[in-house]
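Below is one structure; the comments refer to it alone.
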Amino acid sequence: MVERLFSRFGKDVERYYELDSRDGHPTMREKAGIWVRSPQLQAVAVFRFGVWVNANVHRWLLRFPLRVLYRFLNLLTFALWGVHIDDGADIGGGLYIGHPGGVLIGPVKMGSNCNVGNNVTIGRRSDGRGSGGTPTIGDSVWIGTGSVIFGGITVGDGVSIAPLTVVGRNIPPQALVAGNPMKVLRERYDNTIQIHGARVQATLVLSDTPKVNAPSSTTSTSNDNDEASFPS
Ligand SMILES: CC(C)(COP(=O)(O)OP(=O)(O)OC[C@H]1O[C@@H](n2cnc3c(N)ncnc32)[C@H](O)[C@@H]1OP(=O)(O)O)[C@@H](O)C(=O)NCCC(=O)NCCS
């Protein structure tokens, strides 16, 4: 369990190094810079710490001061940076919050490698319907700024939620949805670039470059959205 939590946080940090560094391989100095200028990463660290205390520290004498420390840090990151992630949330490794400010994540279940924009709220329905259910969100889901996701719904793997979308019903895997009322804009939308950044796409396109004698019909451009060019 301890190992799993640390590996999840390790993956969170890797996402920041991947997306926020110049070339994806930051030096120690660049890494320090990313920590300093990413208050949302500090908030993710506080969340992982809270989950770790809940799951692993059972002796009252140690648990009590650590819980007090967690509560204090959580209050601080919320007051200073406007980010709160409930310590009852079960979120896979590789959580990337793009910007601080107005990020409220309740006790949800979320997969790995998800991107969350600022001013995003994820939680229960306010009318109490659905016996207090909270969303279950898949892997590699991209959640645009200002969106609200609520209730005991399921958001499939690889879904992209455009900014300012109100999500109160299930979304099938890989769909691109937008608006209020929410509409499915595309049914099979590749969100690799949103999740991993344009640099990853460039790498994939380069590694896809055909060998000298290969037929030219197998080439792909950096702008196409052909799923054959990307890992699923
Ligand atoms: C969501 C996104 C990836 C979709 O890209 P796309 O597949 O190229 O689609 P488009 O942007 O061309 O939009 C397609 C249609 O959906 C509409 N649309 C896009 N986002 C929308 C939204 N949030 N709400 C409602 N409609 C939206 C567009 O107006 C367009 O409508 P039209 O065809 O009638 O002109 C892209 O719009 C995007 O990245 N938006 C987020 C930008 C953002 O948040 N930037 C800040 C980052 S910090």
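Values quoted throughout were computed directly from the atomic coordinates according to the rules given, and no laboratory measurement underlies them. Quick caveat, the model's predicted, so the values are computed rather than measured. Every residue, glycine as well, gets a Cβ built from its backbone with ideal geometry; the counts of neighbours run over all protein chains shown.
With the simple model of a label 7 Å out from the Cα in the direction of the Cβ, R71 to V57 spans 1.3 nm. Full extension of the segment from R188 to V36, taken as 0.36 nm per residue of separation minus the current Cα-Cα distance, would add 51.0 nm. Subtracting the Cα-Cα distance of L104 and A198 from 0.36 nm times their residue separation leaves 31.1 nm of extension gain. Take the Cα of L80, go 7 Å toward its beta carbon, and the backbone nitrogen atoms of the range 17-41 under 17 Å from that spot belong to 32-41.
Taking a ≥ b ≥ c as the square roots of the eigenvalues of the alpha carbon gyration tensor, the range 2-186 is oblate, as a/c is not under 1.5 and a/b does not beat b/c.
Share of antiparallel DSSP beta bridges in the range 2-186, in percent to the nearest 5? Percent antiparallel among DSSP bridges in the range 2-186 is about 10.
For N170 and S7, the FRET efficiency from 1/(1 + (r/R0)^6), where r spans their Cβ atoms and R0 equals 41 Å, is about 0.90. For S147, the residues whose modelled amide H falls within less than 5 Å of its own, excluding neighbours fewer than 5 places apart on the same chain, are T121, L164, T165.
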